[in-house]
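The values are calculated or read from the model by the stated rules, or taken from the named source; none is laboratory data. Remember, predicted model here, so these are calculated numbers, not experimental data. Protein only, heavy atoms only, side chains kept; ligands, DNA and RNA dropped before computing areas. Shrake-Rupley method; radii C 1.70, N 1.55, O 1.52, S 1.80 Å.
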Amino acid sequence: MGVKIVETSLRDGHQSLFATRMNTEEVLSALPELDKAGFHALEIWGGATFDSCLRFLNEDPWERLRKAKKICKHTKLQMLFRGQNILGYRHYADDVVDKFVEKSLKNGIDIIRVFDALNDIRNLERAVKATKKYGGECQIALSYTTSPIHTVSYYVELAKEVEKLGADSLCIKDMAGVLLPDTAYELVSELKKAVKLPIELHSHCTGGLMEMTYLKAIEAGVDIIDTALSPLASGTSQPCTEAFNFALKGTKYDPKLNVEMLNAAAKKMQVVRQKYIANGLLNPKVLGFNPNILIYQVPGGMLSNLINQLKQQGQEDKLEEVLKEVPKVRKDLGYPPLVTPLSQMVGTQAVMNVITGERYKMVPKEINDYLHGKYGKAPGEVNAEVRKKIIGDDKVITYRPADDLKPEFKDLKKKYKKIAKTEEDVLSLALFPEVAMKFFEQRKADKKPTKIKVKA
Ligand code: CO
């Protein structure tokens, strides 16, 4: 059997290239062809797509999902789910996780890819259980990073736990694009020996490595790869779908995608790409390569955030210093992988350390919570001196952070009963309280009959 392909342009593609601004009409435009192209799944939903619908596009993300499901009769729809954070930025109680999973599956999602920034298995448990309970397919993604802790054997041990947890498949999620070709070969080979689960690879072209890394992973037996259609591929996005379809043609890895359908879908996405280049949202800068990420191990999105933060402070000349500070902060915190929300947290701390001229003189609340154990277990040892300086002798929790949270869905329902029409609405409000509220207030205002002045 050939390698399977998950097409990412409708989620990660536009998230990586132009801040997730593709609207529902554009997403739906290529779906009839993508549905018939022979993909394993289409990635279509995630935290940023959900947020962006409400915040920038004045669209209901649930509506997008339902419309997509109506079109897709042959291919599964996939979403990205941030463990106990769901799609938001705090830990939610278990009953909200359950409800969100239930509704996602009901509205059209087939595969839920769950990950936790710290790879703390306890933060994944509930989402996995809920996905299985409501009949969905559950994939667990391991956040890939490099550090003295994050060795091949670390990931192999983690994979064994993931298998025990009941996941249907496993993904290596290399958000920064730092997985080297030979490491990929070794990692996939060892994972294939250790677990029976299908293995998927997800990465980004940012550093210029990914076609090489993907090919080595394929030779090592990876089952599924994530790629994006040519108009939304490369740069900070995924490798190109059509290119892999050609590269593997006639080999035992042949994905056997329908070239005609791919071309037709790409033509439509080309129109979308041109629009976002013309309106400036797609900055040609992100289409090139940035090998520096391999030195700093910083994801592309984080790098542009750091530049923005420094710009706001009028301290752009400090970038080099901040980039050198990032690995030090990461080490102090026990080497968290730099993925949402840890990438933002570590980045902000590094900026503060440099700008104030004293390390940990200023500390964001999130870092404080992290040191209290509220995000879960740090992968490695936290620097005791740094911890003491920031949280003193405070107790550090060692249990699953969500165990502190009482069921909250009933209360949320009550809280939003005036504005929410459905449980889906309640979930939107629970995840993004301010933006969703604005969206629903707008919806209410729009529904009121327009007064038409009639000339007498
Ligand atoms: Co990605």
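Both radii were evaluated on the Cα set of the range 307-456; the Rg over Rh quotient, with Rh as the Kirkwood radius, amounts to 1.17. With all distinct Cα pairs included, what does the Kirkwood hydrodynamic radius of the range 23-155 come out to in Å, to one decimal, could you say? Radius from the Kirkwood sum: 15.6 Å.
Accessible surface calculations at 1.4 Å, restricted to protein heavy atoms, place the chain at 44 Å² per residue. The reciprocal of the average 1/r between distinct C-alpha atoms defines the Kirkwood hydrodynamic radius, which for the range 151-309 equals 16.9 Å. The fraction of all Cα pairs in the range 129-220 landing in successive 10 Å bins from 0 to the largest distance is 17, 50, 26, 7, 0, given as whole percents. According to the calculation over all Cα-Cα pairs in the range 81-172, the P(r) per 5 Å bin from zero is 3, 15, 27, 24, 17, 9, 4, 1, 0 %.
Here the average projected area of the convex hull drawn through the C-alpha atoms of the chain stands at 24.6 nm². So what's Rg/Rh here for the range 228-331, counting alpha carbon atoms and using the Kirkwood radius for Rh? Dividing the radius of gyration by the Kirkwood radius yields 1.12.
Across the range 362-416 the C-alpha pair distances fall into 10 Å bins from zero in the proportions 20, 42, 22, 13, 2 percent. Helix content alone sets the calculated 222 nm mean residue ellipticity of the chain: runs of n ≥ 4 DSSP H residues at -39500 (n - 2.57) each, divided across all residues, give -14000 deg cm²/dmol. Contact order for the chain, expressed relative to its length and based on alpha carbon pairs under 8 Å spaced 6+ residues apart, stands at 17 percent. Whole Å is fine, so just give me how far the alpha carbon centre of the range 211-230 lies from that of the range 71-90. Centre-to-centre (Cα) distance: 22 Å.
Here the Karplus relation 6.51 cos²θ - 1.76 cosθ + 1.60, evaluated at θ = phi - 60°, turns the backbone of the range 89-96 into coupling constants of 10, 10, 7, 9, 5, 4, 5, 6 Hz, with x for every Gly and Pro. Ignoring ligands, DNA and RNA, what percent of the 1.4 Å accessible area of the chain is carbon and sulfur? Heavy-atom surface of the chain belonging to carbon and sulfur, 1.4 Å probe: 53 percent. At q = 0.13, 0.15, 0.18 Å⁻¹, what log₁₀ I(q)/I(0) does the range 314-397 have when each alpha carbon counts as one equal point scatterer in the Debye sum? The computed values of log10 I(q)/I(0) come out as -0.37, -0.49, -0.71.
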